[in-house]
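The values are calculated or read from the model by the stated rules, or taken from the named source; none is laboratory data. All of these numbers come straight from a predicted model, not from anything done at the bench. Every residue, glycine as well, gets a Cβ built from its backbone with ideal geometry; the counts of neighbours run over all protein chains shown. Surface accessibility is based on the protein's heavy atoms, side chains included, excluding ligands, DNA and RNA. Shrake-Rupley method; radii C 1.70, N 1.55, O 1.52, S 1.80 Å.
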Amino acid sequence: MTADDRSETAAVIDRARFDSAGLLPAIIQQHDSREVLMMGWMDAEALRRTLTEGRVTFWSRSRQEYWRKGDTSGHVQHVRGAALDCDGDTLLVQVEQVGVACHTGARSCFDVDLLDPVVLSADSGEQA
């Protein structure tokens, strides 16, 4: 890693707005299909590792330790891109998902418990 790479990573981390617990939500998305796979939490070190090591690293709030997706399951997430949102308080990480993303064995953590929200028409604001 060059000095420029370290400087760029530091600038991204400086721009990130971590919550009062020092955490940032990270939305994980399959890079080619745009499928949303999961959400995890990152602190500054997890973000640094994700941006510099090519694998997604999270902070486990329950275990109080870092973890990389796939280290025990083999369901690795290879980083293909990343972006902070306009406020800097949410991260989108685009990945190449190997295997499933959810600890339940589902492809995505959003595959179960589908909700039935009211859908409004875009032009009239009335129910479609």
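The selection criterion, being modelled with pLDDT under 95, open to solvent by 70 Å² or more (accessible area, probe 1.4 Å) and small (Gly, Ala, Ser), holds for Ala122. Only one entry of Ala10, Ala83 meets the criterion of being at pLDDT 95 or above, at negative phi and among the hydrophobic types (A, V, I, L, M, F, W, C), and that entry is Ala83. Looking at Glu8, is it within 21 Å of Asp71 (Cβ to Cβ) and either in a helix (DSSP H, G or I) or in contact with a Cys (Cβ under 7 Å, 6 or more places away or on another chain) (or both)? Judged against the criteria, Glu8 is not a match.
Asp4 falls short on exactly one of the conditions (1) more than 29 Å from Val112 (Cα to Cα); (2) surrounded by 11 or more Cβ atoms within 10 Å (Cβ to Cβ); (3) at pLDDT below 95, and that condition is (2).
Could you check segment 93-112 and list, in sequence order, the residues that are farther than 12 Å from Met38 by Cβ and surrounded by 12 or more Cβ atoms within 10 Å (Cβ to Cβ)?
Gln94, Glu96, Val98, Gly99 - these are the residues of segment 93-112 that are farther than 12 Å from Met38 by Cβ and surrounded by 12 or more Cβ atoms within 10 Å (Cβ to Cβ).
Is there a residue in segment 39-49 that is aromatic (Phe, Trp, Tyr), within 14 Å of Leu84 (Cα to Cα) and at pLDDT 95 or above? Checked against the condition, which is being aromatic (Phe, Trp, Tyr), within 14 Å of Leu84 (Cα to Cα) and at pLDDT 95 or above, segment 39-49 yields at least one hit.
Pairing residues of segment 111-128 that are more than 29 Å from Ala101 (Cβ to Cβ) with residues that are at pLDDT below 85 and not small (Gly, Ala, Ser), at Cβ distances under 7 Å and at least 6 apart in sequence or on separate chains, gives Leu120/Glu126; Leu120/Gln127.
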